[in-house]
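Written below as structure tokens is the structure these notes are about.
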Amino acid sequence: FTSEQPVTITIDPESTIGRPATPSVIVRTSASRPGYKPAIPASRTYIFAEKVKTQSWPGGNWPSMIINGQLIDLDMDTEVVKDPNYSGQIVSSLLGIPSISIITDMRNLFDPASGIYVNATGHGLEWERECSTELINPDGTPGFNVNAGLRIRGGWSRNDDFPKHAFRLFFREKYGNDKLRYPLFGDEGVKEFDKIDLRADQNYAWSIGSPNNSMVREVFSRDTQGDMDQPYTRSRYYHLYLNGMYWGLFQSQERSEARYAESYFGGNETEYDVVKVNTENNYLVEATDGSLDSWQKLYNMCQKGFSSNSDYFKIEGKDENGKPVKGGEIMVDLDNLIDFMSVIFYTGNFDSPTAVFMENKKANNFYAIDNREDRSEGFTFYIHDAEHALFDEAHSPGIGLYEDRVNIGRRQDNLKMEVSDLSRFHPQWLHFKLSDNPEYRIRFADRAWKHFSDLGVFSPDSALKRLNKRINEVDPAIIAESARWGDSKRTGAPYTKYNNWIPEVNKIRNRFIPLRTNIVIDQLKQAGLYPSIQAPVIRTQSASLNETDVILASPLSVIIENPNSSGTVYYTINGTDPRKVGGGVNTGTLFSLNDINLDIKASTQIKARVLSDSKWSALQQVNFIDPDEDYTDLRITELHYHPPDLISGPDTIDGQDLEFIEFKNVGNNSINLGGVIVDSAVLYVFPEKTLLPPMQIYVLASKPKKFFNFYGMLPSGNYQGNLSNAGEEILLNDPAGAEIIDFVYDDSSPWPSGADGEGFSLSSAEINPAGFPGDFSYWTLSVVKDGTPFADNVIAEVIPPDAGESGT
């Protein structure tokens, strides 16, 4: 109806005059005026939970059975709704989590020629339809109401024998909102989105008749990647209503693509390459954003192999000794790759990043993202669609609890992993080829030891805590999902919460999680990716301190002991690894055949390994952090305040982009820089728990990407603003605001003029300076043009330290 005046509408859920008998009433409005385009429609959904219990075919233009072979299932199952175990809980289940309502023209869904639900294999903009979508929070807090584009999402689940399809929402200006501006994931994620997925469990879903529905397998894997401090995609649970009909339990998910990368990592979406598998095109690898050029380059490196250190370290832009080189390029974030593969190995995911369904010969279910304009980062990898995971029993072709995804490259049967060409190249093949190099194997072993330890993400306690968090979130909604889809494709009793869901999640938490950790450790040992000897134990008289940050309230007596029957403990307190590249002992490393007793009175970083029969244990590291730090030994040792503009090929590098400030710890103990602030011409806050070990250096740069491209090294941090070419104040304060360093530099005589746009930096005249940096005599010119970041001002090779890192 129309009205020229504001109107009040009374909604009677019992009335079906002018509408189908859906359990929700939808009010959709627009405004118009002669000579103007109609306003973009707005919608509101009013859900009557009691009515949802009796949902069935509502009449009107709703389909009743099958269109284009697509099964249409609309009913709530009366066996569940009337079951005494559940009948009194249906409404509370519907109100247990937030709801999303999608409203669109019925033809957009079910028209035989153009409806996306009954032509679910359709892809692209051609198969996007206008809709309105609302978030309705049961506690009454504000949600959102926006117009969007709607598509079907998924791969195999697009087939018409899947009655419950997943969706993707696109936010575009033509619909009224160029972005969704809402904190979908609270403080966990960004607050603006170009698109969002509404995924549904598919491979083991009640909607396709599977008894193994858990609603937690897939998201557990992505949560684990996030708990490893790696980038990941976030999710929340929702009930979904489609044109007023309850459609069951869904899950929001971010999409790993260029816009996601721009949101979390900065830059512009056009700078990113995104690599994934096209399941609609014979599982060929493709670039959904950017190109495959860098992926091709990485594949070529794999073809050559990584057995030599020169080939291995090249992937990180380093020379054969593991030292950065000018002009180097980081092709892969190796720690990210290791952690990605560790999630695959632990969960027993047999469908990613290669699939046993395809005899481990084709790629599947992974995303890789790289900023091609930034040579300092390389590809990162993202867990995706991890439903074939966390099984304690065999589910063909998976074998359950003892699933071994670690050693598929060494199998001697038809399931041996192989990659024939670029179109099949995936991150596990990259990992497999890298494993030929001992430096990669020790790096993998170090991270595996950390993550599979008693405090690691794969310890039974940590894994169970992560799993239970998701179980507790989705638990309130399971009864409603059972009533909606528990009878789908069933001739017998429907799947229910107590008979099916709880036993299924209990298999994961009572059998898989308690046993899986040690099973995977054995598999990693077989592959040479887990040390055969145990790492040192760092402890007090009463407690283990392994892999922790210890806040020093008072002096602490610490013991480093060897838990093995043989071998020698090697340790350092200067920030370096006891093991050097090639397997020898690093310079400055201390050792003992017996237990080591240390009295820790100041900030200290201990790194320790056991060496036995030429085999190293994993690295054990503990940071002792003094909250009342003494900054007496912190010095500023280099200031590149006026780099000249430079010509590099066809490009000009703005000199401001190469500015940097260098600090050095000239003392004998580590310095806790956490919370220290550079607050003057430029601004930088040192991250919490940042330790700078003795004689190590911390470099702040104006533009990290430009710094890496020019120097071949990553700066320790990135300050905001720029230094004045004419001189100004440099102020360093402790977390309480007390002054640590405060001086003014100058570009006029008697200050060294060569630092003022002539290519040299201001460098401390002494290697370990003791004077006042506001005095010109404190400074000299760098021994080479462009300065010597991460190094003393002497003619020597530049080696960035293993310093300034967090203890975790």
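Observations, loosely collected:
- Magnitude of the charge dipole for the stretch 267-526, about its Cα centre and with charges confined to Cβ atoms of Lys, Arg (+1) and Asp, Glu (-1), is about 780 debye.
- Dipole of the stretch 458-525, positive end: most advanced residue of Ser482, Phe512, Gln523 [Cβ charges, Cα centre]: Gln523
- Summarising the label geometry, the points placed 7 Å from Cα in the beta-carbon direction at Val794 and Lys191 lie 5.2 nm from one another.
- Pairwise centroid distance, computed over Cα atoms, of the stretch 640-698 with the stretch 743-762, Å: 17
- Amide H to amide H, with H built 1.01 Å from N, Glu547 comes under 5 Å of Gln621, counting only residues 5 or more places away or on other chains.
- Within the chain: Cβ-based charge dipole about Cα centre, in debye rounded to nearest 20 (Lys, Arg +1; Asp, Glu -1): 3120
- Ranked by the mean number of other Cβ atoms within 10 Å of their residues, highest first, the peptides 436-448, 391-403, 31-43, 463-475 come out as 436-448, 463-475, 391-403, 31-43.
- Cα shape, the stretch 536-681, gyration tensor, a/c 1.5 rule: oblate
- Bridgeable aspartates and glutamates around Lys51 (alpha carbons under 18 Å apart, same-chain partners fewer than 8 residues away excluded): Asp12, Glu14, Asp73, Asp75, Asp77, Glu79, Asp83, Glu481.
- Whole-angstrom gap from the stretch 430-457 to the stretch 213-262, using each part's C-alpha centre: 28
- Relative to the current alpha-carbon distance between Glu280 and Ile559, full extension at 0.36 nm per residue lengthens the span by 94.6 nm.
- DSSP beta bridges in the chain [antiparallel fraction, %, rounded to 5]: 90
- Per-residue packing, averaged as other Cβ atoms within 10 Å, sorts the ranges 74-80, 183-189 into the order 74-80, 183-189, beginning with the highest.
- Value of relative contact order over the chain, rounded to a whole percent, pairs C-alpha under 8 Å and six or more apart: 9
- Nitroxide proxy distance, nm - points 7 Å out along Cα→Cβ at Asn472 and Lys601: 4.5
- Per-residue ellipticity at 222 nm, computed for the chain from helices alone with -39500 (n - 2.57) per DSSP H run of at least four residues, works out to -5000 deg cm²/dmol.
- Dipole of the chain, positive direction: furthest Cα of Phe167, Gly18, Gly400, with charges on the beta-carbon: Gly18
- Straight-distance crosslink candidates among lysines, where the alpha carbon sits under 24 Å from Lys362 and sequence neighbours closer than 8 are dropped: Lys276, Lys297, Lys304, Lys416, Lys433
- Asn159-Thr632 pseudo-label distance in nm [points 7 Å out on the Cα-to-Cβ vector]: 7.4
- Cα gyration tensor, the stretch 86-194 - rounded (a/c under 1.5), prolate or oblate: oblate
- Taking other C-beta atoms within 10 Å as the exposure proxy, Thr279, Thr380 rank Thr279, Thr380 from fewest upward.
- For Lys469, the lysines whose Cα comes closer than 29 Å to its Cα, not counting residues fewer than 8 places off in the same chain, are Lys53, Lys164, Lys191, Lys195, Lys450, Lys497, Lys507, Lys689.
- Listed by Cβ neighbour count within 10 Å, with the fewest neighbours leading, Leu135, Leu762 appear as Leu135, Leu762.
- Cα centre as origin, Lys/Arg/Asp/Glu Cβ charges: the stretch 634-781 dipole, Debye: 620
- Positive-pole candidate from Ser554, Gln620, Thr604, dipole of the stretch 493-644, charges at beta carbon: Gln620
- Rg/Rh, computed from the Cα trace of the stretch 267-526 with Rh as the Kirkwood radius, has the value 1.01.
Any read-out appearing in this document is the output of simple, stated calculations on the displayed coordinates, not a laboratory observation. This one's a predicted model, so the numbers in the text were calculated from it and none came from an experiment. Cβ sites come from the backbone with ideal geometry, for glycine too, and all protein chains shown count toward neighbours.
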